[in-house]
Amino acid sequence: MTNTHAVLYTKPNCPACKMTTKWFDRLGYPYQNTYYGNADKSNTIDVSAEDKRKREWSQHKVERLKAKYHIQQLPLVKIVDDEGNLIEYWSGFRPNKINQYAN
């Protein structure tokens, strides 16, 4: 069986984002909330960030995620295998989906 993990896109002060990471933590399912594993670059989307680069990256990322995944809310959760192949994705707090992969 192929190992999988989650890649999360979140935003600050988002209850659904916080619940999602807490659910993953509680179940011990591995996830990344960093930009391609780079601990210095967070996947947190903040369109009102004071840092201009972060704000512009966030605005660009929102448009790309909407276009590619047709989502309207965060968090975006992508389940990928060890080679980076996308298995499934969803948006919002979906404990049933997290449970499916953690079990």
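The values are calculated or read from the model by the stated rules, or taken from the named source; none is laboratory data. Just so it is clear, the model here is predicted, and its values are computed rather than measured. Don't worry about glycine lacking a Cβ; one is built from the backbone with ideal geometry, like all the others, and counts go over all protein chains shown. Please note that ligands, DNA and RNA were not included when accessible areas were found on the heavy atoms of the full protein model with its side chains. Shrake-Rupley method; radii C 1.70, N 1.55, O 1.52, S 1.80 Å.
Amide H neighbours of GLU88 under 5 Å, at least 5 residues apart or on other chains, H built in the peptide plane: list them.
ILE79
Please report, as a whole percent, how much of the solvent-accessible surface of the chain comes from carbon and sulfur atoms (probe radius 1.4 Å).
Details: 3110 of 6580 Å².
Its accessible area is 47 percent carbon and sulfur atoms.
Roughly speaking, what is the stretch gain from ASP25 to LEU86, that is 0.36 nm per residue apart minus the C-alpha to C-alpha distance, in nm to one decimal? Intermediate results must be reported in sequence, preceding the final value.
Details: separation 61, 0.36 × 61 = 21.96 nm, distance 2.11 nm.
Result for the pair: 19.9 nm of gain on full extension.
Can you work out the Karplus-derived ³J(HN,Hα) for every residue in region 70-79? Use 6.51 cos²θ - 1.76 cosθ + 1.60 with θ = phi - 60°, whole Hz, and x for glycine or proline.
Using θ = phi - 60°, the values come out as 6, 9, 10, 8, 10, x, 9, 10, 10, 9 Hz.
Read phi for every residue in region 53-64 and hand back ³J(HN,Hα) as whole Hz from Karplus 6.51 cos²θ - 1.76 cosθ + 1.60, θ = phi - 60°, with x for Gly and Pro.
With coefficients 6.51, -1.76 and 1.60, one gets 4, 5, 4, 5, 4, 4, 4, 5, 5, 4, 4, 5 Hz.
Around VAL47, with a cut-off of 10 angstrom between Cβ atoms, what is the net charge of the other residues, counting Lys and Arg +1 and Asp and Glu -1?
Working: positive: LYS11, LYS54, ARG55, LYS61; negative: ASP46, GLU56.
Its environment carries a net charge of +2.
Figure the gain on full extension for THR4 and LYS66 (residue separation times 0.36 nm, minus the Cα-Cα span) and round it to one decimal in nm.
Stretched out fully, the THR4 to LYS66 stretch lengthens by 19.9 nm.
Hey, what do the phi angles of region 90-102 turn into as Karplus ³J(HN,Hα) couplings, whole Hz, using 6.51/-1.76/1.60 and θ = phi - 60°, x for Gly and Pro?
Values, residue by residue: 7, 10, x, 7, 10, x, 4, 6, 4, 4, 4, 8, 7 Hz.
Taking the DSSP beta bridges in the chain as the whole, what percent of them are antiparallel, to the nearest 5?
Numbers: 13 of 15 bridges.
Counting DSSP beta bridges with both partners in the chain, the antiparallel share is about 85 percent.
Taking H placed 1.01 Å from N in the peptide plane, check which residues at least 5 places from ASN43 or on another chain put their amide H under 5 Å from its amide H.
Counting only residues 5 or more places away or on other chains, the set is THR34, TYR35.
Between GLN73 and ASN99, what length comes free when the chain is fully extended (0.36 nm per residue of separation minus the Cα-Cα distance, one decimal in nm)? Before the final figure, lay out each step's value.
On the way: separation 26, 0.36 × 26 = 9.36 nm, distance 2.03 nm.
That works out to 7.3 nm of additional length.
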